[in-house]
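Engineer: Have a look at this one before I ask anything.
The values are calculated or read from the model by the stated rules, or taken from the named source; none is laboratory data. These figures come from a predicted structure and were not determined experimentally. Using ideal geometry, Cβ is built from the backbone for each residue, glycine included, and neighbour counts are taken over all protein chains shown.
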Amino acid sequence: GAVVSQHPSWVICKSGTSVKIECRSLDFQATTMFWYRQFPKQSLMLMATSNEGSKATYEQGVEKDKFLINHASLTLSTLTVTSAHPEDSSFYICSAELIGELFFGEGSRLTVL
Amino acid sequence: QKEVEQDPGPLSVPEGAIVSLNCTYSNSAFQYFMWYRQYSRKGPELLMYTYSSGNKEDGRFTAQVDKSSKYISLFIRDSQPSDSATYLCAMSAISNTNAGKSTFGDGTTLTVKP
């Protein structure tokens, strides 16, 4: 199957700093990628839809100025958590669609101290 | 009330057992039903995908959909320790070109003991 790579897989940062997470489709081009947040033992919550060459579409309740999404190429989308706080600590997962099937990245665990 | 309800478990079975995982839903518009497997600290991977009522089989896995009851199931035959993971159901009301906007269940954690 298609491969989606996420980096970093684990990041610890201090409160107030910004963290960037990358999502790459390694063997296919993805005009659309999705970013999710997952708390322990809870479901994936869609945060935003990342569209190549245009602005991301954010789900209700997700602060677009807090979670900056850039989809500058057909193989790369980035999520930047700005001015991170402890409540932003979570597991962030991206996915990309290929012929209607979703392929997920391995996830990035963010811990904000 | 959530649109998709899934028993979080945990579910523990001996190796070789038949496992039944279930989700119920309330949105009649859901037409596409998926099951994902998620190992600890990893992203989910698609196991099964179906859009019609009835059964769909793939190896040891069978997905069952009952739209009249708004109930879906995933059966795992001859379960193996490698099947130990969290299983997420997901549903979508629109074309599969928007699979990323599926509604996910909370996941059921399964442990298969040798």
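Engineer: Could you pull out every one of the strands (runs of 3 or more DSSP E) wholly within the range B:16-112 that has 1 or more residues that are touching a residue at least 24 places away in the same chain (Cβ under 8 Å), of a type in the set (Gly, Ala, Ser) and under 28 Å from A:Ala30 (Cβ atoms)? Walk me through it before giving the result.
Structural biologist: Details: elements: B:19-25, B:32-38, B:45-50, B:54-58, B:61-66, B:71-76, B:85-92.
By residue number, B:61-66, B:85-92.
Engineer: Filter the range B:49-66 for residues that are modelled with pLDDT of 90 or more and under 29 Å from A:Phe91 (Cβ atoms) and give the result.
Structural biologist: B:Asp58, B:Gly59, B:Arg60, B:Phe61, B:Ala63, B:Val65
Engineer: If I filter the range A:74-88 for residues that are at positive phi, assigned to a loop (DSSP other than H, G, I, E, B), surrounded by fewer than 16 Cβ atoms within 10 Å (Cβ to Cβ) and without any contact (Cβ under 8 Å) to a residue 24 or more places away in the chain, do I get at least one hit? Write out each step before concluding.
Structural biologist: Pass one, the range A:74-88, residues at positive phi: A:83.
Going one step further and asking which of them are assigned to a loop (DSSP other than H, G, I, E, B), we end up with A:83.
Okay, now just the ones that are also surrounded by fewer than 16 Cβ atoms within 10 Å (Cβ to Cβ), so A:83.
Now drop any that are not without any contact (Cβ under 8 Å) to a residue 24 or more places away in the chain, which leaves none.
No - not one qualifying residue is present in the range A:74-88.
Engineer: For the range A:89-105, which positions are within 16 Å of B:Ser92 (Cα to Cα) and outside any strand (DSSP E or B)?
Structural biologist: A:Ile99, A:Gly100
Engineer: Okay, moving on. When only residues in the range A:39-60 that are in contact with a Ser or Thr (Cβ under 7 Å, 6 or more places away or on another chain) and more than 8 Å from every other protein chain (Cβ to nearest Cβ) count, which is nearest to A:Ser90 (Cα to Cα)? Spell out how you get there, then give the answer.
Structural biologist: Pass one, the range A:39-60, residues in contact with a Ser or Thr (Cβ under 7 Å, 6 or more places away or on another chain): A:39, A:48-52, A:56-57.
Still in the running and more than 8 Å from every other protein chain (Cβ to nearest Cβ): A:39, A:48, A:50-52, A:56-57.
On the way: A:Phe39: 6, A:Ala48: 16, A:Ser50: 19, A:Asn51: 23, A:Glu52: 25, A:Ala56: 21, A:Thr57: 21 Å.
Of everything passing the filter in the range A:39-60, A:Phe39 is nearest to A:Ser90 (Cα to Cα).
Engineer: Of everything in the range A:92-109 that's surrounded by fewer than 19 Cβ atoms within 10 Å (Cβ to Cβ) and of a type in the set (A, V, I, L, M, F, W, C), which residue is nearest to B:Thr50 (Cα to Cα)? Outline the logic, then answer.
Structural biologist: First, the residues of the range A:92-109 that are surrounded by fewer than 19 Cβ atoms within 10 Å (Cβ to Cβ): A:98-101, A:106, A:109.
Next, only the ones that are of a type in the set (A, V, I, L, M, F, W, C) stay: A:98-99.
Numbers: A:Leu98: 17, A:Ile99: 15 Å.
Only one residue tops the list, namely A:Ile99.
Engineer: Among A:His71, A:His85, which is more than 15 Å from B:Gln38 (Cβ to Cβ) and either out of contact with any strand residue (DSSP E or B) (no Cβ under 6 Å at 6 or more places or on another chain) or more than 14 Å from chain B (Cβ to nearest Cβ) (or both)?
Structural biologist: Numbers: A:His71 fails: either out of contact with any strand residue (DSSP E or B) (no Cβ under 6 Å at 6 or more places or on another chain) or more than 14 Å from chain B (Cβ to nearest Cβ) (or both).
Criteria check complete, one pass: A:His85.
Engineer: Provide a single number: the residues in the range A:50-89 that are of a type in the set (Val, Ile, Thr) and closer than 17 Å to B:Gly100 by Cβ. Break it down into steps so the answer makes sense when it comes.
Structural biologist: Residues of the range A:50-89 of a type in the set (Val, Ile, Thr): A:57, A:62, A:69, A:75, A:78, A:80-82.
Subset that is closer than 17 Å to B:Gly100 by Cβ: A:57, A:62, A:69, A:75, A:78.
Looking only at that region, the number is 5.
Engineer: With respect to the numbered conditions (1) of a type in the set (A, V, I, L, M); (2) touching a strand residue (DSSP E or B) at 6+ places or on another chain (Cβ under 7 Å); (3) at pLDDT below 95, which one is the sole condition not fulfilled by A:Leu79?
Structural biologist: The failed condition is (3).
Engineer: Look at A:Ala30 and say whether it is buried (at least 16 other Cβ atoms within 10 Å of the Cβ), part of a loop (DSSP other than H, G, I, E, B), more than 13 Å from chain B (Cβ to nearest Cβ) and in contact (Cβ under 8 Å) with a residue 60 or more places away in the chain. Talk me through it step by step, then tell me what you get.
Structural biologist: Details: buried (at least 16 other Cβ atoms within 10 Å of the Cβ): yes; part of a loop (DSSP other than H, G, I, E, B): yes; more than 13 Å from chain B (Cβ to nearest Cβ): no; in contact (Cβ under 8 Å) with a residue 60 or more places away in the chain: yes.
No: the conditions fail for A:Ala30.
Engineer: Separate question: Would you pick out the residues in the range A:1-27 that are away from chain B (no Cβ under 13 Å), assigned to a loop (DSSP other than H, G, I, E, B) and more than 12 Å from A:Gly105 (Cβ to Cβ)?
Structural biologist: Selection gives A:Lys14, A:Ser15, A:Gly16, A:Thr17, A:Ser18, A:Asp27.
Engineer: When you scan the range A:33-73, how many residues do you find that are aromatic (Phe, Trp, Tyr) and not in a strand (DSSP E or B)?
Structural biologist: Looking only at the range A:33-73, we keep the residues that are aromatic (Phe, Trp, Tyr), and these are A:34-36, A:39, A:58, A:67.
Of the ones still in play, those that are also not in a strand (DSSP E or B) are A:39.
Counting residues in the range A:33-73 that are aromatic (Phe, Trp, Tyr) and not in a strand (DSSP E or B) gives 1.
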